[in-house]
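The values are calculated or read from the model by the stated rules, or taken from the named source; none is laboratory data. Keep in mind that what you see is a predicted model, and the values were worked out from it rather than measured. When we count neighbours, we look across all protein chains shown, and the Cβ atoms used for this are built from the backbone with ideal geometry, even at glycine. Ligands, DNA and RNA are excluded from the accessible area calculation, which covers all protein heavy atoms including side chains. Shrake-Rupley method; radii C 1.70, N 1.55, O 1.52, S 1.80 Å.
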Amino acid sequence: MRSIRTVHVISAHAEGEVGDVIVGGVAPPPGDTLWAQSRFIASDNRLRNFVLNEPRGGVFRHVNLLVPPKNPKADAAFIIMEPEDTPPMSGSNSICVATVLLDGGIIPMTEPETRLTLEAPGGLVPVRAECRDGKAERIFVENLPSFADKLGASLDVPGLGTLSVDTAYGGDSFVIVDAEALGFKLVPEEAHEIARLGVRITKAADEQLGFHHPENPDWRHFSFCLFAGRVERTAEGLRAGAAVAIRPGKVDRSPTGTALSARMAVLHARGEMTEADSLTAVSLIGSTFTGRIVGQAKVGGRPAIRPEISGRGWITGIHQHMLDPADPWPEGYRLTDTWGAR
């Protein structure tokens, strides 16, 4: 074998969603802050293309780059690379990163509980892991402060007419639609249609409603569409189905931690969820994240919540991505059969 580049990866998933972690072979990108480093990754695109494009990647894959933290309070830092975005934060990816750090022995594990602080591009996220027999069994992440943006906004979607939608930020930006009102039961057979329709709704929301984070002027778009199921109150707490359409056209296999945070912010803004409640979101494959509100916050002067989300992660393999110098596609390729039309 010959290679002019070797990237060392520990692969993982959180409740079904792939979140691989680069642990070697990549130098930290330039930038005085983690956000600046993530903007370099986003604009440079060479690393994103190498690990996300086929033949090494695919539309189903997210990849996280471990880098030294910029904030002295953090134990580790990571930059998230999703199919189309390099976002401030991700719930499933933070759970994958914490799982790899602890199960992989990169950060020492303490049983029955390990506490650490991760630095995401959007800020610090405290992590608590329930650990037993050398395994981090459940990861609790205090996500970035989350807030409702627009409630009950009118959105015209070609072919659908006018929808009533909510918009919110949960570490990433969302347009939220009522799944039941659109005829969805949130079952696996609906994944293709949810993915296709969700991208259309996200595009319409960007064009008609717009999103601007009050403290991060770089974040000026909607990343995702959440198809939100009916909230039911059970003996264990609130429970609802959730399916998130991710550009360019796939459905998150997990319930999406940032979506859960965004929905809790909306429910709290409407007086439908308090700090005494928990909300369990259920994905199309039946996996779950559970969230609760652990306090109040302000983001750019507007009311926000401090959400905590929890879920499980598992390591699935160890990979060394290589590049033969004669490979005619050194940064890979994408085709619209899986990556969607641009």
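Cα centroids of the stretch 232-260 and the stretch 192-215: 16 Å apart. Derived scalar couplings between HN and Hα for the stretch 294-309 equal 9, x, 9, 8, 10, 10, x, x, 9, x, 9, 10, 9, x, 10, 10 Hz in order, rounded to whole Hz, by the Karplus curve 6.51 cos²θ - 1.76 cosθ + 1.60 (θ = phi - 60°), x for Gly and Pro.
When only the heavy atoms of the protein chains count and the probe is 1.4 Å, how do ILE318, ILE80 rank by accessible area, highest first? Can you show the working numbers first?
Working: ILE318 140, ILE80 0 Å².
Per-residue accessible area, sorted high to low, gives ILE318, ILE80.
Across q = 0.12, 0.18 Å⁻¹, the stretch 80-197 modelled as identical point scatterers on its alpha-carbon atoms has Debye log10 I(q)/I(0) values of -0.62, -1.00, in the order of the q list. Normalised by the number of residues in the chain, the mean separation of alpha-carbon contacts (under 8 Å, six or more apart) gives a relative contact order of 21 percent.
When all alpha carbon pairs of the chain are counted in 20 Å bins from zero, the resulting P(r) reads 33, 60, 8, 0 %. Assuming charge only on the beta carbon of Lys and Arg (+1) and of Asp and Glu (-1), the dipole of the stretch 24-129 about its Cα centre is about 140 debye to the nearest 20.
Arranged from highest to lowest average of other beta-carbon atoms within 10 Å per residue, in what order do the peptides 99-107, 14-22 appear?
Details: 99-107: 20.3, 14-22: 25.2.
Packing order, densest peptide first, comes out as 14-22, 99-107.
The distance linking the stretch 95-159 with the stretch 28-69 is 19 Å (Cα centroid to Cα centroid, whole angstrom).
Taken about its Cα centre, the stretch 251-342 carries a charge dipole of roughly 460 debye when the Cβ of each Lys and Arg holds +1 and the Cβ of each Asp and Glu holds -1.
Restricted to Cα atoms, the stretch 54-149 shows a radius of gyration and a Dmax of 13.8, 43 angstrom.
Placing +1 at every Lys and Arg Cβ and -1 at every Asp and Glu Cβ, with all other atoms neutral, what dipole size does the chain have around its Cα centre, in debye to the nearest 20? Display every interim value, and only then the final one.
Details: 35 positive and 42 negative charges, 56 e Å.
The calculated dipole for the chain is roughly 260 debye.
Under 5 Å between amide hydrogens, built in the peptide plane, is the criterion, and for VAL67 it picks out ALA77, PHE78, ILE79 among residues at least 5 positions away or on other chains.
Output the relative contact order of the stretch 147-201, whole-number percent, from Cα pairs under 8 angstrom with separation of 6+ residues.
Values: 57 pairs, mean separation 13.6, N = 55.
Result for the stretch 147-201 is 25 percent.
Under the 0.36 nm per residue contour assumption, what length would be gained going from the current alpha-carbon distance of ILE4 and ASP327 to full extension?
Working: separation 323, 0.36 × 323 = 116.28 nm, distance 1.05 nm.
Value of the extension gain: 115.2 nm.
Helix-only arithmetic for the chain: the sum of -39500 (n - 2.57) across DSSP H runs with n ≥ 4, divided by the residue total, places the mean residue ellipticity at 222 nm at -6000 deg cm²/dmol. Comparing SER164, VAL175, ALA36 along the charge dipole axis of the chain, the residue lying farthest to the positive side is ALA36, per the Cβ-charge model.
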